[in-house]
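The block underneath contains the structure these notes are about, expressed in C-alpha cells.
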Amino acid sequence: MARVSQEHLDARRRQIIDGARRVFTRRGFHATSMQDILKETGLSAGAVYRYFRGKDEIIAAVADGAFTALREAFLSAVRDEPLRPLEDVLSGVIAMALEEEGPGGEQPAGPMAGQAFPQLVLQVWGEALGSEPLSEILHNGYKGMREAWGELIGAYQEAGVLRSDVPADDIARALIAMCQGLLAQHALFGNITSDVLRNGLRALLTADPAKLPTATEAAATA
C-alpha cells in the first residue's frame, strides 16, 4: 500500500477545518452536527474521525485558527517600520480581520461584506467562557498581543506622539478593545469598514482639550 504523504494529511485536515468553519459560521457551534460537517466537507465519517475524535476537537481547531488569524492581524502592525500614523495602524488591523474569510469562503457584497470572520470570532469568545482549553488559548494570545502592543505604544510615546505619563499597557488595552468592539459591531450589524476606525481615531487623537470650557465658563452659561 502506498504511503500517504504528510502534505496530503495536512491538506485533508485543513479541508475538514475549513468546511467546519463555514458551517459553524452559518449555523453556530452547537446547532451544527457532525452530519452537517460531513456534508459540507464531502468526506466520509471515517475520513473525518481519522483526524478528529468528535465535534469538540473540531471546534477547538477552528477556534484556535480563528484566534491565530486575529492575533496575527494585531501583531502584524507591530512589525511595521518606520512608525505610521496610529489611526492607519489600527485601521489596517480591522482591514486584515475583515478580509480573513479562509479558503473557499464567500464574501457577501455591500454592508455585510466581511462579516463571516467577525461572527466566527464572537462564537469563539463565547465558547471560551465554558471551555478551559479555549480560555487558555485566548488568555495566552491576548497576553502576547498586550506585550507586543505595549512595546509599540512605548515607541509612539518616545516619539512624542502619545502621552508618556500614561502606562503603555493601558493604552494598548484600550486600542485592542476598540478593534475588538468594531469587530463585534460588524458581526452583529454590518456596515463597518476600516475607514470607520481610521476616521474616528484620527478625530480623537487630534482633539484639543484646551478648547473645552472651564468649570467657571460652564457655570456661567448654565
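The values are calculated or read from the model by the stated rules, or taken from the named source; none is laboratory data. Quick caveat, the model's predicted, so the values are computed rather than measured. Using ideal geometry, Cβ is built from the backbone for each residue, glycine included, and neighbour counts are taken over all protein chains shown. Just the protein is used for accessible areas: all its heavy atoms, side chains included, with ligands, DNA and RNA removed. Shrake-Rupley method; radii C 1.70, N 1.55, O 1.52, S 1.80 Å.
Averaging sequence separations of C-alpha pairs under 8 Å and six or more residues apart, then dividing by the length of the chain, give the relative contact order as a whole percent.
Reported as a whole number, the value is 22 percent.
Please give the solvent-accessible surface of Asp18 in Å², to the nearest 10, using a probe radius of 1.4 Å with every protein chain present.
Number for this one is 20 Å².
Rounded to the nearest 500, what is the chain's calculated 222 nm mean residue ellipticity when only DSSP H runs of at least 4 contribute -39500 (n - 2.57) each, over all residues?
Per the formula, -23000 deg cm²/dmol.
For region 39-82, compute Rg over Rh where Rg is the Cα radius of gyration and Rh is the Kirkwood radius from the inverse mean 1/r over Cα pairs.
The Rg/Rh ratio comes out at 1.26.
Report the calculated FRET efficiency for Leu83 and Thr214 (r = Cβ-Cβ distance, R0 = 45 Å), to the nearest 0.05.
0.85
If you build a Gaussian network model of the chain, linking Cα atoms that sit under 10 Å apart, which residue out of Val23, Val161, Val78 swings the most?
Comparing Val23, Val161, Val78 in a Gaussian network model of the chain, the most mobile one is Val161.
Excluding ligands, DNA and RNA, what is the solvent-accessible area per residue of the chain at a probe of 1.4 Å, expressed in Å²?
57
Grab the Cα-Cα distance for Gln35 and Leu205, subtract it from 0.36 nm times how many residues apart they are, and report the gain in nm with one decimal.
Going from the current span to full extension adds 56.1 nm.
Which value, to two decimals, describes the C-alpha radius of gyration of region 120-222 once divided by 2.2 N^0.38 Å?
Against the empirical 2.2 N^0.38 Å value, I get 1.43 for region 120-222.
Rg(Cα) of the chain divided by 2.2 N^0.38 Å?
1.25
Heavy-atom accessible area of Ser135 with all protein chains present, probe 1.4 Å, nearest 10 Å²?
30
Test of understanding: in a Gaussian network model of the chain with alpha carbons linked when under 10 Å, which of Ala174, Ala148, Ala187 would top the mean-square fluctuation ranking?
Comparing Ala174, Ala148, Ala187 in a Gaussian network model of the chain, the most mobile one is Ala174.
Rounded, prolate or oblate: pick one for region 1-74, where a ≥ b ≥ c are the square roots of the eigenvalues of its C-alpha gyration tensor, a/c under 1.5 means rounded, and failing that, prolate if a/b is larger than b/c, else oblate.
Oblate, because a/c is 1.5 or more while a/b does not exceed b/c.
Please give me, ordered by residue number, the trypsin sites (Lys or Arg not before Pro) of region 135-211 that lie in loop per DSSP and have at most 16 other Cβ atoms within 10 Å.
In loop regions of region 135-211 (DSSP not H, G, I, E or B), the sparsely surrounded trypsin sites (Lys or Arg not before Pro) are Arg163.
Indicate the helices, whole DSSP H runs only, in the chain that combine a mean Kyte-Doolittle hydropathy of -0.5 or more with a Cα extent along their long axis of 30 angstrom or more.
55-78, 168-189
Would you work out what percent of the accessible area of the chain, with all protein chains in place, is carbon or sulfur (probe 1.4 Å)?
54
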